[in-house]
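Structure record follows, encoded as structure tokens.
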Amino acid sequence: MRNWACGISPSAAAFAALGLLVCAGYGVAQTPEALSSPSALKKLSLEQLMDVEVTSVSKRAEKLSETASAIQVITDEDIRRSGASSLPEALRLASNLEVAQVDSRQWAISARGFNSTTANKLLVLIDGRAVYTPLYAGVFWDVQDTMLEDIDRIEVISGPGATLWGANAVNGVINITTKSAKDTQGLLLLGGGGTELRDFGGFRYGGALASNVFYRVSGKYFDRDSAVLPSGQDATNDWRMGQGGFRLDREDSDVNLLTLQGDVYSGRIAQAGLDDTAVSGGNVLGRWTHRMSLDSDFKLQFYYDRTHRFIPGTFTEDLDTYDVDFQQRALLGERNDIVWGLGYRLLDDNVGNTPVLAFLPAKVTRQVFSAFGQDEIALVKDRLHLTLGTKIEHNDYTGFEFQPSGRLAWNVSQGQTVWGAISRAVRTPSRIDREFYAPGSPPFVVLVGGTNFVSEELLAYELGYRLQPIQRLSLSLAGFYNDYDNVRSVEQLSPPAPLPITLANRQRGNSYGAEFTADYRATDWLRLRAGYTELQIHIRPKSGSTDASKGSVESSDPNHQFFLRSSLDLPGHLQFDSALRYVTHLANQGVPAYAELDARLAWEPIPKLEFSIVGQNLLHHHHPEFGRQSGPRAAPQDVERGVYGKALWRF
């Protein structure tokens with residue numbers, strides 16, 4: 001890292017310091033009863049698929065076609081036929097997301113802008129458990145691992161979800177729901193290997209302890225090759241990880257459902273010239289769902305999560321999260337469908353500081369108290385619905401935060417819905433905003449956290465239209481305008497001296513764009529899906545700000561993305577799937593536009609046995625998708641072409 005005498009700019013210095021951190025390193029989706037089996041979604045017509053019930057938008061079951069939100073659903077069949085081998089790869093199936101692979105293990109994932117390896121405006125949940133780090137209010141994607149065969153669906157909302165889910169659900173929500181133990185009975189074995197995904201394997205076994213008590217246990221591992229430098233040299237960051245889990249479900253008729261589940265994982269990530277980075281952790285979650293009547297139920301959920309990350313010479317973290325959440329739904333009269341809830345979260349974070357970077361104080365305990373209420377009002381039954389609600393949270397940094405929204409859905413006719421929404425959301429401060437400290441060459445300090453850093457604010461306006469003009473074709477269009485205030489900035493602490501710098505809230509701006517999707521079941525053996533997104537972001541400094549980055553530190557987003565996917569069933573029990581994506585350049589990172597192609601060919605000689613070969617990034621030997629931001633050994637890295645084979649056996 002250069003010191004101030006070499007002419008480093010404040011924004012570049014902040015980029016470098018933030019990069020040190022990175023480089024060092026409840027809603028359950030439901031379907032109607034007839035669609036509850038694990039194989040049912042494979043047989044759905046397009047009309048039935050649009051009738052599948054989702055809960056991420058309102059925390060109650062509602063038809064996908066009638067939701068007042070820009071939502072896409074990735075089914076278990078979509079994941080299987082994509083050839084995805086990790087959660088980030090599966091998220092490429094949602095065209096309303098920005099998904100960029102940074103190197104062998106790091107991903108930049110966001111919705112509607114502000115993408116980076118420390119993206120902090122997207123909330124991600126796995127079975128109601130928030131996979132969140134208080135360090136930068138985002139997700140360490142390299143440790144979000146689960147058997148993809150266990151996933152029932154992924155609901156992806158682009159746009160604010162803070163009224164129900166709270167702070168940091170600013171630009172979107174990803175809600176991952178795994179299958180019940182009842183739907184994963186029997187034995188499953190899988191394994192394979194190839195060039196980039198060098199080898200992998202896994203098992204799952206499900207059984208019954210009683211007529212109404214079901215369980216499963218599972219385990220998996222993988223070994224991934226390194227990314228490469230632009231020169232083609234090995235980047236020396238291959239990694240391997242193992243994961244195991246269990247789930248237990250007890251069903252007492254339609255009145256009570258008890259769930260207990262947990263996971264553990266451990267992995268090692270190579271670093272050039274240093275010892276391996278070590279990651280490990282585990283979690284346990286319990287949930288009780290009780291139905292009091294056809295129109296009233298409640299859920300009580302708790303979970304404990306433990307994570308450990310050790311980067312030799314740079315950074316160590318041990319994080320314990322305790323979370324309790326209560327939710328009740330009740331239908332009042334014929335017009336008011338009310339959902340309300342209470343929540344409490346305790347975060348116990350302990351960082352091992354080094355001369356490279358530090359958090360001061362090293363150990364903190366943070367609490368978040370929350371309450372929400374929402375009322376869906378049937379202005380015209382089955383035709384016009386108004387949803388009003390708000391989330392109230394109290395955190396240790398900024399105190400109370402209010403996040404209201406109003407949503408209107410008009411079912412114009414069968415297969416035609418118009419919706420609109422106005423929402424307020426906030427991104428509350430993280431430890432990096434308030435407590436980060438990055439020393440430079442003595443006696444200089446590069447970056448200190450802003451002791452007065454407040455929440456970033458969003459006021460969002462959305463308008464959408466869904467149409468099913470014929471039985472085999474579904475179209476969706478969503479437009480949005482976002483007004484941001486108190487956006488994070490990088491300021492000179494003692495101008496005109498360029499260093500040290502501090503984090504503050506002296507930027508504001510707006511973004512606007514549109515998201516279009518089309519799903520066409522051309523025949524019973526051919527399905528085509530297309531997606532297009534346009535995004536324009538304009539961030540500017542407030543009066544008195546010394547930040548000249550114009551938002552480039554906070555956001556690296558393409559203006560346009562295009563996706564085209566096809567699924568083809570061939571004679572002889574063969575399947576062929578392909579996915580083409582085109583992403584325009586990232587101007588502030590010097591990453592050029594690219595087109596890329598993934599493909600999968602599978603053969604199912606008998607119903608329970610499948611062989612497949614998957615090709616990824618087939619159009620280039622290697623290419624960049626995202627610029628590595630900065631940090632030790634900060635050279636950009638390229639994603640390589642990869643091919644792997646897989647065998648899967650169920651019995």
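Would you mind ranking M292, M147 by Cβ crowding within 10 Å, fewest neighbours first? List each step's numbers first, then the result.
On the way: M292 12, M147 22.
With the sparsest Cβ surroundings first, the list reads M292, M147.
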### Task
Distance between Cα centroids, the stretch 234-282 to the stretch 151-180: provide it in whole Å.
20
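When the expected Rg is taken as 2.2 N^0.38 Å, what fraction or multiple of it is the alpha-carbon Rg of the chain? Intermediate results must be reported in sequence, preceding the final value.
Values: Rg = 23.9 Å, N = 651, 2.2 N^0.38 = 25.8 Å.
Relative to the 2.2 N^0.38 Å estimate, the chain comes out at 0.93.
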### Greater than 30 Å apart at Cα, pairs in K179/K608; K182/K363; K121/K182; K121/K646
K182/K363; K121/K182; K121/K646
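Give, to the nearest whole percent, the P(r) tail of the stretch 311-443 beyond 20 angstrom, counting all Cα pairs. Don't jump to the answer; show the numbers that get you there.
Details: 5495 of 8778 pairs.
Everything past 20 Å amounts to 63 percent.
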### Task
With runs of 4+ DSSP H residues as the only contributors, calculate the mean residue ellipticity of the chain at 222 nm using -39,500 (n - 2.57) per run, divided by the residue total and rounded to the nearest 500.
-1500 deg cm²/dmol
### Task
Take peptides 408-417, 473-482, 66-75, 340-349 and line them up by average Cβ neighbours within 10 Å, highest first, as a rough protection proxy.
66-75, 473-482, 340-349, 408-417
### Task
State, to one decimal in nm, how far the label point of S296 lies from the label point of L274, with both points 7 Å from Cα in the Cβ direction.
5.7
### Query
Given the stretch 339-407 reduced to its alpha-carbon atoms as identical point scatterers, what log10 I(q)/I(0) does the Debye formula return at q = 0.28 Å⁻¹?
-1.14
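Sort Y437, Y215, Y484 so the one with the fewest other Cβ atoms within 10 Å of its own Cβ comes first. Write down the numbers at each step before the final one.
Numbers: Y437 16, Y215 20, Y484 26.
Neighbour counts put them in this order, fewest first: Y437, Y215, Y484.
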## Note on the structure
Which residues qualify? For T546, with a placed amide H closer than 5 Å and at least 5 residues away or on another chain, they are Q492
#### Entry: Student exercise, the stretch 452-561 dipole from Lys, Arg, Asp, Glu Cβ charges, in Debye to nearest 20
240
#### Entry: Net charge, F563 excluded, C-beta distance under 10 Å - Lys, Arg +1, Asp, Glu -1
+4
#### Entry: Calculated SAXS-style log₁₀ I(q)/I(0) at q = 0.26 Å⁻¹ - the stretch 272-357, Debye, Cα scatterers
-1.18
### Query
For the stretch 514-651, with equal point scatterers placed on the C-alpha atoms only and solvent neglected, what are the log10 I(q)/I(0) values from the Debye formula at q = 0.13, 0.16, 0.17 1/Å, to two decimals?
-0.77, -0.99, -1.05
### Message
In whole Å, what are the extents of the stretch 124-175 along the principal axes defined by its C-alpha atoms, from largest to smallest?
### Response
31, 24, 15
## Note on the structure
For the stretch 56-172, the convex hull over Cα atoms projects on average to an area in nm² of 7.1
#### Entry: Neighbour net charge for L580 - beta-carbon separation under 14 angstrom, K R +1, D E -1
+2
### Summary
Charge dipole of the chain built from unit charges on the beta carbon (Lys, Arg +1; Asp, Glu -1), centred at mean Cα; most positive-end Cα among L619, G389, G572 is L619
### Task
Count the net charge of all other residues whose Cβ sits under 12 Å from the Cβ of H394, scoring Lys and Arg as +1 and Asp and Glu as -1.
0
### Query
Under unit Cβ charges (Lys, Arg +1; Asp, Glu -1), what dipole magnitude, rounded to 20 debye, does the stretch 333-468 have relative to its Cα centre?
140
### Query
What is the distance in Å between the Cα centres of the stretch 423-499 and the stretch 55-116?
20
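Each value in this text was obtained by applying a stated rule to the coordinates, not by laboratory testing. Keep in mind it's a predicted model, so treat the numbers as computed, not measured. All Cβ positions, glycine included, derive from the backbone under ideal geometry; neighbour counts span all protein chains shown.
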